[in-house]
Amino acid sequence: MSGICAGLSVIEMGAGSIATSITGMVLADAGARVIKLEPPEGDRLRTALPSGFLVWNRGKESLVADLRTAAGQQQLRELARTADVIIEGFSPGTTAAWGVDADVLCAANPRLVHCGITGFGTTGPYARLKGYDALVCAKAGLFARGGYGHREGAIFYPVNWGSFGAGLQAAAGLLAALLVRDQTGFGQKIDATLLSGIEPLEYLVSIISQLMVKRGQEPAIDARSGVPGSRYGVLVATRDGRFIQTSTMLPHQARALSAVAGIEHTFDDPRFAAQPVFGSAEDAQAWEDQLWEAFRSHDLAYWLPRLEASPDVAFEVSRTSEGGLDHPQIVHNGDVITVSDPRHGPVRQVGPIAHFSASPCRVERSAPVLDANHGPFPGLVPEPDGSRAPAPPLAAPAYPLAGVTIVEFGCYYAVPYGLAMTAALGARVIKIEDRKGDPHRMAFGPEVASMKTTRGKESVSIDLRSEQGRSVAHRIISEADVFVTGFRSGVADKLGLGYDELKEINPRLPLTKPRWRPSMLSTPERSRMPWTRARHRRKDEE
């Protein structure tokens, strides 16, 4: 079995671009042959973020081509003549000045799919600003004042969110463009930005900040919850200095956390009766202060078994990215791999972004040493004229995923946002909800956060606990192309939407289920992903 990108030839180039490297890594993991063009001194990431470089450039080859010179520019033109994909991470106008921009390369190779990744796009007032993550986050409002006890100054995030999101969005756009090429015989130019890359990873703050700026208000909000008077997630600290991120999106989760903390008396106090929603910011802070006081009274060893024993407490102990590799759920999922590096020996790192049963991803070698490539191969050497000429063109679809129907069965963020991206690419997405609707619709205020996760979709409200409701869902799914579930293991099966049952209804149906995984960012960071005891099972207990 080979990966979904097997046979593709990819050229990657950029000035120390994390986003470009991540995009190339995704394609390389999926079987593409990726050549990383580097200047004689090497990509800046080799020295600036060496641990990140090892992960983001695994499975690639390196070819020195100094694009600042005529010889390097000609070398790129020759390679691009028969490549399938080019990923570019230079500032707008850089490659145009060198005579190797997307227009030039695509004109010479009509099948080429060219993806440019910039900070803010190629036009507009911010186009010339550097595509640095901190700068993009600042402009987006992520460093807004307020929250976490800070009354003055900015809140800085030590995470390359924009680059990480842009890299994955670029990979999705490239695959969509390649699907169109399969239909038409022609490639196209696509763009991704770090500004847009923030959106899937940043839950709410940038939306509120931008809305406040638009309304002429000071963009200062409560970064813990997005709005005053609520605590949809509380970060607490234990006596021995370990941080615990909780998720209290629903009332039963907030009450369960209060019970574990030993502050059940708040249930009878009118100020806290509706936790995690409160009548004022002062009441919300008073509830949080009680949680902090309780958790600061004992070490993590005291709290961990108590938190795990409550099935309604969603939490995660904060840890570094390296520590995340030892997380029992990550190990259970098979998302930790060991790659042998000729300089550093065995390196444990996060695995590919997805598990494919019929076309698995593989990571067979570490990041390349400078100018280490495997010589000529089809797709990166000139071929006889006409051997890669476009097939007779078919009518281009209005959108890359036009005609694809996806049924969504999930709530809150990961699945709904991912499928909002497919809707933007033209898929018809039908969201199955119960009579109350996805609770994310009311989180942080009516339809505020869910504007990112429901746009472009259709919704059907079904009671899956009834035979009639399951029958309606089955009729919808029988005509779909994809079914995606984001609930805990066993939930879909219990409601008649398990994989085996749906495959009988629709034999061509692939079922997808996102897996919890650590970030691919190399920066030591605090993991905010909640998990419950039910997800902590070992394989032999299933």
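The values are calculated or read from the model by the stated rules, or taken from the named source; none is laboratory data. Just so it is clear, the structure is predicted and the values come from calculations on it, not from any experiment. Note that each Cβ is placed from the backbone with ideal geometry, even for glycine, and that neighbours are counted across all protein chains shown.
Confirm whether Gly486 is under 26 Å from the mean Cα position of the chain (by Cα), surrounded by fewer than 17 Cβ atoms within 10 Å (Cβ to Cβ) and modelled with pLDDT of 80 or more. No. Of all the criteria given as (1) in contact with a Leu (Cβ under 9 Å, 6 or more places away or on another chain); (2) assigned to a strand (DSSP E or B), the one not satisfied by Ser366 is (2).
With the structure loaded, tell me whether Ala424 is under 27 Å from Ile11 (Cβ atoms), surrounded by 13 or more Cβ atoms within 10 Å (Cβ to Cβ), in contact with a helix residue (DSSP H, G or I) (Cβ under 6 Å, 6 or more places away or on another chain) and modelled with pLDDT of 90 or more or whether it fails that test. Against the criterion (under 27 Å from Ile11 (Cβ atoms), surrounded by 13 or more Cβ atoms within 10 Å (Cβ to Cβ), in contact with a helix residue (DSSP H, G or I) (Cβ under 6 Å, 6 or more places away or on another chain) and modelled with pLDDT of 90 or more), Ala424 does not qualify. Of all the numbered requirements in (1) closer than 27 Å to Pro305 by Cα; (2) in contact with a helix residue (DSSP H, G or I) (Cβ under 8 Å, 6 or more places away or on another chain); (3) at pLDDT 90 or above, Phe278 misses one, and that requirement is (1). Within the stretch 91-108, the set of residues being among the acidic types (Asp, Glu) and surrounded by 14 or more Cβ atoms within 10 Å (Cβ to Cβ) comprises Asp101 only.
Of all the residues in the stretch 354-370, those that are of a type in the set (Val, Ile, Thr) and more than 13 Å from Gly59 (Cβ to Cβ) number 1. Checking each residue of the stretch 16-27 against the condition of being in a loop (DSSP other than H, G, I, E, B) and either touching a Phe, Trp or Tyr at 6+ places or on another chain (Cβ under 6 Å) or not aromatic (Phe, Trp, Tyr) (or both) gives at least one match. Gly241 meets all of the listed conditions (1) in contact (Cβ under 8 Å) with a residue 24 or more places away in the chain; (2) farther than 25 Å from Tyr412 by Cβ but one, namely (1). Answer yes if at least one residue in the stretch 111-126 is outside any loop (DSSP other than H, G, I, E, B), touching a Pro at 6+ places or on another chain (Cβ under 7 Å) and in contact (Cβ under 8 Å) with a residue 24 or more places away in the chain, and no otherwise. Yes, the stretch 111-126 contains at least one residue that is outside any loop (DSSP other than H, G, I, E, B), touching a Pro at 6+ places or on another chain (Cβ under 7 Å) and in contact (Cβ under 8 Å) with a residue 24 or more places away in the chain.
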